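Novice: The structure's right below; bear with me while I get my questions together.
FYI, it's all coordinate maths here, none of it is from the lab. Every value quoted in this text rests on a predicted model; they were computed, and no experiment measured them. Methodologically, a virtual Cβ is constructed for each residue, glycine included, from the backbone with ideal geometry; neighbour enumeration extends over all protein chains shown.
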Amino acid sequence: MDGQPSYADLALTIFFLVASIALPLVVRVIVAYLKEQQLQSQAARLIGDALIVARAANQLFKSGQLEKNERLNYAMRQLKQTFPAIDEQSLCTAIEAAVGTLDLIDRELTAP
């Protein structure tokens with residue numbers, strides 16, 4: 001060789017150049033995907049927990065252990081402990097959706 005780089009050296013240099021450009025983009029895509037999966041998982045947990053807490057609040061009301069106007073506050077406190085990073089409006093929406101779902105289930109179960 002007369003001091004010129006070989007084709008292998010050139011190919012390796014091009015590979016590393018392309019990898020240094022593409023790798024940050026690939027990492028961003030992977031991180032975004034993982035964040036989305038985490039959010040979906042958290043949303044599913046929130047929905048499930050809201051159903052449980054709404055049912056519990058209603059049972060406490062029916063048994064006389066909770067005032068009617070305290071059911072939402074009870075549910076909010078319970079969910080806030082499990083999901084402290086979620087804002088109160090989102091928690092309230094989840095609770096309202098859970099109550100509506102439970103009402104629909106109860107109506108279907110008691111329908112003739």
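Novice: So what is the relative contact order of the range 37-112, in percent, for Cα pairs below 8 Å that sit 6 or more residues apart?
Specialist: 35 percent
Novice: So if I take the centroid of the Cα atoms in the range 7-27 and the same for the range 41-60, what is the distance between those two points in Å?
Specialist: 49 Å
Novice: To continue, here is another question. Which value in deg cm²/dmol, rounded to the nearest 500, describes the helix-derived mean residue ellipticity at 222 nm for the chain, given -39,500 (n - 2.57) per DSSP H run of n ≥ 4 and division by the residue count?
Specialist: Calculated from helices alone, the mean residue ellipticity at 222 nm is -29500 deg cm²/dmol.
Novice: Could you pull out every residue, at least 5 positions away or on a different chain, whose amide H is within less than 5 Å of the one on L66? Hs are placed 1.01 Å off N in the peptide plane, and Pro or chain starts have none.
Specialist: F61
Novice: Count neighbours as other Cβ atoms within 10 Å of each site's Cβ, and list the GluC sites (Glu not before Pro) in the range 43-112 that are DSSP loop with at most 12 such neighbours.
Specialist: Passing sites in the range 43-112 are E67.
Novice: Right, next: Can you report the principal axis dimensions of the chain using only the alpha carbons, biggest first, rounded to whole angstrom?
Specialist: Sorted from largest, the Cα extents of the chain read 94, 34, 17 Å.
Novice: Using only Cα atoms, tell me the angle between helix 88-110 and the longest principal axis of the chain; keep it within 0 to 90° and round to the nearest 10.
Specialist: Rounded to the nearest ten degrees, it is 60.
Novice: At what distance in nm do the modelled label points of D103 and Q59 sit from each other, each positioned 7 Å from its Cα along Cα→Cβ?
Specialist: 2.1 nm
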